[in-house]
Amino acid sequence: MIFKIKTQIKKIPFLLPFFNYAYISIFKPLGIINLGFYTTIRTLRFSLKKNNIEAWKVSMRVSCHIIEKGLTMPERRLGFGLPRLANIANEVLKNKHNENLSEVKVAVGIIKDYKKVHEKSFYKLPEKISDLLERVEIMYPDLKIIKQLKLTKEQYFSSKNENFLKFSSSRRSIRNFSGKANAEQVQKAVELALKAPSACNRQVVKCHIFNDKEKIQEILSYQNGNRGFGHLIPQLCVLTVDLRLIGENEQNDIYFNAGLFAMNLSYSFHYYEIASCMLNWAAPPKRDKKLRKILNIPKHESITVLIGFGIPSNLIDIARSDKKSSKESIINN
């Protein structure tokens, strides 16, 4: 439509400058606003609908992962996450019809592991919690305990020179650190990560690296996913995207491009024997503005994701974070 109008206007030369001004100042911004409005409405429409099996499975996976993380924290606090654990147990008990789902099997295995860990430490759980866990064990006596992983640093990096199948399967989020990676390791990792695909080869992602402990703690105080281990993170990478470099109708693409780079960077870290953990940035505008001020980044850059990294401990506790099957992810059309 705009193209047709512009074609007609070209026949009237003195109108063309006015049309170009109106397009850049009015029509183009309105198109971007329309895309943002469209995305927001769709998010509101569907993200609030939780009464379906897929939402239930995701809720279980999230809850179980929180317990997994607690079991593998470098400074594990016994008796952690009791409200969350009770919720998982109750969901398992009242949804017997979902017993064949992997989410139920994982939940039961984690419940048994939680119970075993506390028994070994002679920690007495509250009676109501103990009763709940006991009921789950009685309902599912044949499901095995799912223990979290414990590897040495050498074991963790043992597949870094193997084929991609073994290499990619060996990389996991690490929350146990012993020190900082040196500048050369970090530079090489970033150089390798830059091989990631980039829309139209724009390469809009910037890596802000922080090594100062106090600064890192200040930054992490605005991020909600580092409780229990954030104070031990020795280095931090904040990925941003330069908004001046994206095209029209591509504001959602900033997270796509940053995601591609972030995954490649985590693989690159793994190759250069640097442990890392993704820390999502999902914050309201007020908190986003505060962090941008603390980071002292240019106004035209948007924060997309944080990555904690460093040299891992000699003995690493790792959350299993079992993945769903490919059958659940592939839709043949």
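We did not get these values from a lab; they are worked out from the coordinates using the rules stated. In this text, all values refer to a predicted model and were calculated from it rather than measured experimentally. Heads up, the Cβs are rebuilt from the backbone with ideal geometry, glycines too, and the neighbour counts pull from every protein chain shown.
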If R0 = 51 Å, then Q187 and K94, at their Cβ-Cβ distance, give a FRET efficiency to the nearest 0.05 of 0.45
Given backbone amide H placed at 1.01 Å from N, residues whose amide H is under 5 Å from that of I233, ignoring those fewer than 5 places away on the same chain, are none
Residues other than S169 with Cβ under 11 Å of its Cβ, Lys/Arg counted +1 and Asp/Glu -1, net out at +3
For the stretch 219-234, Karplus-derived ³J(HN,Hα) couplings (6.51, -1.76, 1.60; θ = phi - 60°; whole Hz; x for glycine and proline) come out as 5, 5, 5, 9, 10, 8, x, 10, 4, x, 9, x, 5, 9, 6, x
Note on the chain: C-alpha Rg/Rh, Kirkwood Rh, two decimals, gives 1.05
Expressed in angstrom and rounded, the centroid-to-centroid distance over alpha carbons for the stretch 208-272 and the stretch 129-146 is 39
Checking P197, P284, P74 against a Gaussian network model of the chain (alpha-carbon springs below 10 Å), the top fluctuating residue turns out to be P284
The chain, Gaussian network, Cα under 10 Å: of F177, F122, F210, the residue fluctuating most is F122
Here the gain from full extension of Y222 to S130, 0.36 nm per residue of separation minus their alpha-carbon distance, amounts to 29.6 nm
1/(1 + (r/R0)^6) with r = Cβ-Cβ of H208 and S168, R0 = 22 Å, i.e. FRET efficiency to nearest 0.05, evaluates to 0.25
Summed over the other residues with a beta carbon less than 12 angstrom from that of D131, with K and R at +1 and D and E at -1, the charge totals 0
With no solvent term and unit scatterers on the alpha-carbon positions of the stretch 53-147, Debye gives log₁₀ I(q)/I(0) at q = 0.12 Å⁻¹ of -0.33
Quick calc, the stretch 152-317, dipole around Cα centre from Cβ unit charges on Lys, Arg (+) and Asp, Glu (-), nearest 20 debye, gives 380
In this structure, among K290/K323; K57/K150; K215/K293; K50/K116, pairs with alpha-carbon gaps over 23 Å are K290/K323; K57/K150; K50/K116
Karplus-derived 3J(HN,Hα) from phi for the stretch 239-256 (6.51 cos²θ - 1.76 cosθ + 1.60, θ = phi - 60°), whole Hz, x at Gly and Pro, runs 8, 10, 10, 7, 5, 5, 9, 8, x, 4, 6, 10, 5, 6, 5, 4, 7, 5
Residues of the stretch 88-111 with backbone N under 12 Å of the label point set 7 Å from the Cα of I145 along Cα→Cβ are 109-111
So for R0 = 51 Å, FRET eff. of A283-F122 from the Cβ-Cβ r, to 0.05, ends up at 0.80
Comparing T39, T72, T304 in a Gaussian network model of the chain (Cα, 10 Å), the one with the largest mean-square fluctuation is T39
If each part is reduced to its alpha-carbon centroid, the stretch 287-324 and the stretch 96-124 end up apart, in Å, by 29
